[in-house]
Amino acid sequence: MPYLIPPRTPLTPEQVERGFDYLLALQMGGGDAIAGRAEADPELAFVLLRLAEEIIWPATAVDGDTVPSADSFALDEVGCALLSALRDWARDSPVTAAPGIARSIIRFTVNVIPDPDHEDTADTLEAMRDEHLVLAHAVHSGADAHQ
């Protein structure tokens, strides 16, 4: 069963910054660097969940442009299971979910989508942040123009 991501308002540039700031703080400074942030920002788990969806789903979903295989369907199911578990965790316990979701994104980045142009995971996360910021600014500046 595919992981269905319902249509949602895209993350704002501020949300993208907050999510990636948390990821980078955890990646570079460990648990002490993020202590207390999830309690101070109740929305953080959901921001991280949205980032996880935007990072994990494109890398695991069966692509319509490729020839499906048993491996591609297995990877699709692994992505669905991971995102479903992260979604349930964020819903049931946002404070404990935030660091867990962040660690999942970091581990996924290290093991599934390493960037040959950025050998350091922090560099890869910064590159992803920049890409997500460009998209968030484009979506939200276009939305502001229509109001």
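The values are calculated or read from the model by the stated rules, or taken from the named source; none is laboratory data. Note that this is a predicted model, so its numbers are computed, not measured. In this analysis, Cβ positions are derived from the backbone assuming ideal geometry, glycine residues included, and neighbour counts consider all displayed protein chains. When the accessible area is computed, the model is the full protein with side chains, heavy atoms only, and any ligands, DNA or RNA have been set aside. Shrake-Rupley method; radii C 1.70, N 1.55, O 1.52, S 1.80 Å.
Things to note:
- Selection of the stretch 41-58 for residues being part of a helix (DSSP H, G or I), in contact with a helix residue (DSSP H, G or I) (Cβ under 8 Å, 6 or more places away or on another chain) and either free of Cβ contacts under 8 Å to residues at least 24 places away in the same chain or not acidic (Asp, Glu) (or both) yields Leu44, Ala45, Phe46, Val47, Leu48, Leu49, Arg50, Leu51, Ala52, Ile55, Ile56, Trp57.
- Filter result for Arg50 (within 18 Å of Pro10 (Cβ to Cβ) and either in contact with an Asp or Glu (Cβ under 9 Å, 6 or more places away or on another chain) or among the hydroxyl-bearing types (Ser, Thr, Tyr) (or both)): no
- Cβ separations smaller than 7 Å between residues 6+ apart or across chains give no pair from the stretch 9-22 residues that are open to solvent by 70 Å² or more (accessible area, probe 1.4 Å) to residues that are of a type in the set (Lys, Arg) and in a helix (DSSP H, G or I).
- Take the conditions (1) in a loop (DSSP other than H, G, I, E, B); (2) closer than 19 Å to Phe46 by Cβ; Ala85 misses just one of them, which is (1).
- Among the residues listed as Arg103, Arg107, the single one being touching a residue at least 40 places away in the same chain (Cβ under 8 Å), open to solvent by 70 Å² or more (accessible area, probe 1.4 Å), within 19 Å of Gly30 (Cα to Cα) and in a helix (DSSP H, G or I): Arg103
- Within the option set Glu126, Glu131, being part of a helix (DSSP H, G or I) and either in contact (Cβ under 8 Å) with a residue 40 or more places away in the chain or at positive phi (or both) holds for one residue only, Glu126.
- Residues that are surrounded by 11 or more Cβ atoms within 10 Å (Cβ to Cβ) and either of a type in the set (A, V, I, L, M) or in contact with a strand residue (DSSP E or B) (Cβ under 8 Å, 6 or more places away or on another chain) (or both) within the stretch 29-50 comprise Ala33, Ile34, Ala35, Ala38, Leu44, Ala45, Val47, Leu48, Leu49, listed in sequence order.
- Candidate set: the stretch 125-142, residues that are modelled with pLDDT of 90 or more and of a type outside the set (A, V, I, L, M); chosen: the one least open to solvent (accessible area, probe 1.4 Å): His132
- Some residue of the stretch 59-81 being among the acidic types (Asp, Glu), open to solvent by less than 70 Å² (accessible area, probe 1.4 Å), at pLDDT 90 or above and not in a loop (DSSP other than H, G, I, E, B): no
- Condition check for Arg91: open to solvent by 30 Å² or more (accessible area, probe 1.4 Å), farther than 23 Å from His132 by Cα and modelled with pLDDT of 90 or more: yes
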